[in-house]
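Visitor: Quick one: the structure is below, and I'll ask about it shortly.
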Amino acid sequence: MEERVYSLFPGVNLTTLRTDRFHKGYFSVNLLRALSRENATRNALLMSVLRRGTRALPDMEKLSEAMDQLFGASVEPMMRQMGETLSIGFQAVFPDERFLPGDEDMLSKVISLTGEMLLDPATHGGLLRDEYVRSEGQNLHDRVEAEINNKRGYAIERMRELMFAGEPYGVYPLGGAEEALRIRNQALTKFYREVLAASPVELYYCGSAQGDRVAELVRRALRDLPGGGDRSLPEQGKAAAGSEMRHVTEEMDVEQGNLVIGFRRRRSGDAAHPTLAVFNELFGGGPASRLFLNVREKRSLCYYAGSSIDRYKEVMLVSAGIGFDRLEETEEAIFQELNDLSAGNIAPDELETARKGVANSYLSAQDSPGAICAFRMGQGLLGAGGDLRQFAEAALQVTGEDVARIAAEFQPELSYFLRKGAPE
């Protein structure tokens, strides 16, 4: 795979990944935004509104007709969180030109349409259409409300809000349900212009086209992008872990208890290396992990148990569904497994299973152009290089000493328990 990076305009970069492996091409526009409470709802809303239509194709029906003429290509809004950074924008998936009849200029048409969605949306009186803002605001409201009804997800977000109070990481990236209903087209249009002028822009292409050709098409499509703004992001926060773990219990109408424990890493490092992934796979990242096999299966302490690590913020969350009377016993079992790993009590076969599991996940991601580009963007945000195959190879070299070191570096900071309230 041939990788090239182009600086198109100040703060606007394009990465092309040329390959003949895929039948479909991939192109994405990513505007990077600092996670903040003030802008969370508008960030979550904006791209869905822009996707409703362009000046030339002002509604979903005409956009759909245009997509049909592009052999079923799709251009959809997306939002991705990477630590305290949000990426909002569009991703396009389309047939690679090698498999189309004649001289069909698919790539040019897709990039041009994506640029129109971003820079030339449907407007009325110089403002984003109010009916689109209201409609997508209702959709966002309903999505946030649905997330609240998912008690497992709600417990995770509530724990983050409490543990990272005062830090951007504690902000819910979808914003507020009621705020989504209050946003009007005047305010969102003003915000839209600020986003275009000030956000760093990272573009990614994966397909068979030459990088220079892609760069020229993107320059043409984004020629009207406002300039002169400071396209930079604040650094990711690395607050120190607290000296003692806090316990918070809240009540809601739930059928089972939801326990979420937040850990913060004592030191920085390895974020751009698969060591963290191998540790997580061994501790709680899958069906062969310690939390699943020992805490759930052998000791029957929970309905589910697992861990996840945000490598950008270097924090770990452990979540478990438990009976209302199993809180202390489950916490103790989770800490016991972590302490056992930090002491280096790791069997060769379980380490090998974890290493192979992580390596296979990286190799499998190579089958998706979108996953390849997302991985490359994540590495770029960390200021690192490397591709998925190199990560797979590095995962197989992670040692038990590496895992033990990382296990010892995660310190519990907050234990959040969502339980059923007493009957009124």
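The values are calculated or read from the model by the stated rules, or taken from the named source; none is laboratory data. Treat the numbers as computed from the prediction; the structure is a model and nothing was measured. Neighbour counts run over all protein chains shown; Cβ positions are idealised from the backbone, glycine included.
Visitor: Suppose we filter Ser36, Ser64, Ser87, Ser28 for residues that are among the hydroxyl-bearing types (Ser, Thr, Tyr) and assigned to a loop (DSSP other than H, G, I, E, B); which single one remains?
Guide: Ser36
The rows are residues; the columns are (1) assigned to a helix (DSSP H, G or I); (2) within 19 Å of the chain's Cα centre (by Cα); (3) within 17 Å of Glu337 (Cβ to Cβ).
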{"position": "Glu235", "(1), (2), (3)": "no, yes, no"}
{"position": "Ile261", "(1), (2), (3)": "no, no, yes"}
{"position": "Phe279", "(1), (2), (3)": "yes, no, yes"}
{"position": "Leu301", "(1), (2), (3)": "no, no, yes"}
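Visitor: Tell me whether the range 204-216 contains one or more residues that are assigned by TED's automatic domain parsing to the domain that holds Asn43, farther than 30 Å from Arg98 by Cα, part of a loop (DSSP other than H, G, I, E, B) and touching a residue at least 40 places away in the same chain (Cβ under 8 Å).
Guide: For the range 204-216, residues assigned by TED's automatic domain parsing to the domain that holds Asn43, farther than 30 Å from Arg98 by Cα, part of a loop (DSSP other than H, G, I, E, B) and touching a residue at least 40 places away in the same chain (Cβ under 8 Å): absent.
Visitor: Go over the candidates Arg55, Arg4 one by one and state the one that is surrounded by fewer than 16 Cβ atoms within 10 Å (Cβ to Cβ) and within 29 Å of Leu188 (Cβ to Cβ).
Guide: Being surrounded by fewer than 16 Cβ atoms within 10 Å (Cβ to Cβ) and within 29 Å of Leu188 (Cβ to Cβ) holds for just one of Arg55, Arg4, which is Arg55.
Visitor: Quick check: is even one residue across the range 188-196 under 17 Å from Leu35 (Cβ atoms), under 21 Å from the mean Cα position of the chain (by Cα) and touching a residue at least 60 places away in the same chain (Cβ under 8 Å)?
Guide: yes
Visitor: Which is touching a helix residue (DSSP H, G or I) at 6+ places or on another chain (Cβ under 6 Å), outside the structural domain of Ile309 (by TED's automatic domain parsing) and not aliphatic (A, V, I, L, M), of Tyr154, Tyr169?
Guide: Just a single option satisfies the conditions, and that option is Tyr154.
Visitor: Let me ask something additional. For the range 383-405, how many residues are under 27 Å from Leu341 (Cα atoms) and outside any helix (DSSP H, G or I)?
Guide: Total satisfying the criteria: 4.
Visitor: Applying the selection to the range 345-379, what residues are part of a helix (DSSP H, G or I) and among the hydroxyl-bearing types (Ser, Thr, Tyr)?
Guide: Residues satisfying the conditions are Thr353, Ser361, Tyr362, Ser364.
Visitor: Under 6 Å between Cβ atoms, at least 6 apart or on separate chains: pull out the pairs that start in the range 58-73 with a residue that is farther than 16 Å from Pro121 by Cβ and end on any residue that is surrounded by 12 or more Cβ atoms within 10 Å (Cβ to Cβ) and of a type in the set (Phe, Trp, Tyr).
Guide: Correct list of pairs: Ala73/Phe94.
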